[in-house]
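What follows is calculated from the coordinates using simple rules that are stated; it is not laboratory data. All values reported here derive from a predicted model rather than from experimental measurement. Every residue, glycine among them, receives a Cβ derived from its backbone with ideal geometry; neighbour counts consider all protein chains shown.
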Amino acid sequence: MTERPPVLATLEGYAVEGGFDRPGEPVTCYRATIALGRHEGPGEAAGLWRDYEAVIDSAASLGLAGVRLDVEWARVEPRRGEVDVDALERYLRVAQHARSSGLRVTAVIVDAAWPSWLGMEAWLLPWVAPLTVLEARRVVTHLGEGVDRVKVFADANALVANGYLNESAPPWRRGASEDAASVRVQMDQVVRQLRDDPVVGPKLVGATHTIGLDLSPEEVVRQRRAANCEEVYVRSLVKGTGPSAAPAGLLERRDGQWRVAASGPLLDALR
């Protein structure tokens, strides 16, 4: 019988860390629409930039294989060419803590939020592609053995659909099917280049599948059995806040402590 792919809970940095898109903080592609009052920013979110270790300790008791950690580019390189080494060191400590807790770690290079200096239309601009390759090499080099695998785009399909087809995320376009196709071509080119990269390539994860927490345990089991991929992600370990927050989390903070929010049958289906 074919072995089922490991299940990792997502840690979606922009939505859970806190400390983005306010004065004096790293600025992302969401900043303009936050300033216009179109939606709320993440604010303090779940405070995981300070509290990652506590939530990872709780995650280790869930019986999942690991976590998918989004390394926020806007925090690592808040201005073009200015790399925040302290931020990279913080992500390294988080990854090492997860590994020491028996969890495997997959690092994501680009998620729903990217640095504002890349431009709102970043994924249509040809000069962004080599910078994405550079960022991937930077993250993998610095995190080293702290990460097992690397995923370039957290959800390429959602980035294209939400940004260019249904107007629910930057750059807030609707029905721009030709531009959506061009974006996907450039993203695929970035992934192909990194697949051949001697630093990133050996850790690059292939096909993945994401499971939402709104599913029944029976449907989770069905999707896991049907998934033809290298890793399965459950969205999300912590719900978070702001425009990219997940609908639900496996854990929630109650009385100052991280506690399990998912049902026993659902957790059993994910293990």
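Proximity of backbone amide H atoms, modeled 1.01 Å from N, is registered between Asn166 and Gly175 at under 5 Å, excluding neighbours fewer than 5 places apart on the same chain. Taking the Cα centre of the range 57-113 as reference, the dipole from Cβ charges on Lys and Arg (+1) and Asp and Glu (-1) amounts to some 180 debye. Each DSSP beta bridge with both residues in the chain is either parallel or antiparallel, and the antiparallel ones are about 25%. Between Ala32, Thr141, Gln193, the Cα set farthest toward the positive side of the dipole of the range 7-270 (charges on each charged residue's Cβ, about the Cα centre) is that of Gln193. The label point for Arg50 and the one for Glu121, both projected 7 Å from the Cα toward the Cβ, are 4.1 nm apart. Charge dipole (Cα centre; +1 on Lys/Arg Cβ, -1 on Asp/Glu Cβ; no other charges) of the range 71-182 amounts to roughly 280 debye.
Calculated mean residue ellipticity at 222 nm for the chain: -10500 deg cm²/dmol, from DSSP H runs with n ≥ 4 weighted as -39500 (n - 2.57), summed, divided by the residue count and rounded to 500. Label sites at Asp197 and Gln223, each approximated as a point 7 angstrom past Cα along Cα to Cβ, lie 2.9 nm apart. A convex hull fitted to the Cα coordinates of the range 13-97 yields 103 cubic angstrom per residue. In this rough spin-label picture, where each label sits 7 Å from Cα along the Cβ direction, the Ala207-Ser101 distance is 3.1 nm.
The mean sequence distance of close C-alpha pairs (under 8 Å, at least 6 residues apart), as a share of the length of the range 90-153, puts its relative contact order at 57 percent. Taking N as the residue count of the range 7-270, its C-alpha radius of gyration divided by 2.2 N^0.38 Å amounts to 0.95.
Between amide H atoms placed 1.01 Å from N, distances below 5 Å from Thr208 occur with Glu230, all of them 5 or more places distant or on a separate chain. Sequence-distant contacts, meaning Cα pairs under 8 Å at least 6 residues apart, place the relative contact order of the range 7-270 at 23 percent.
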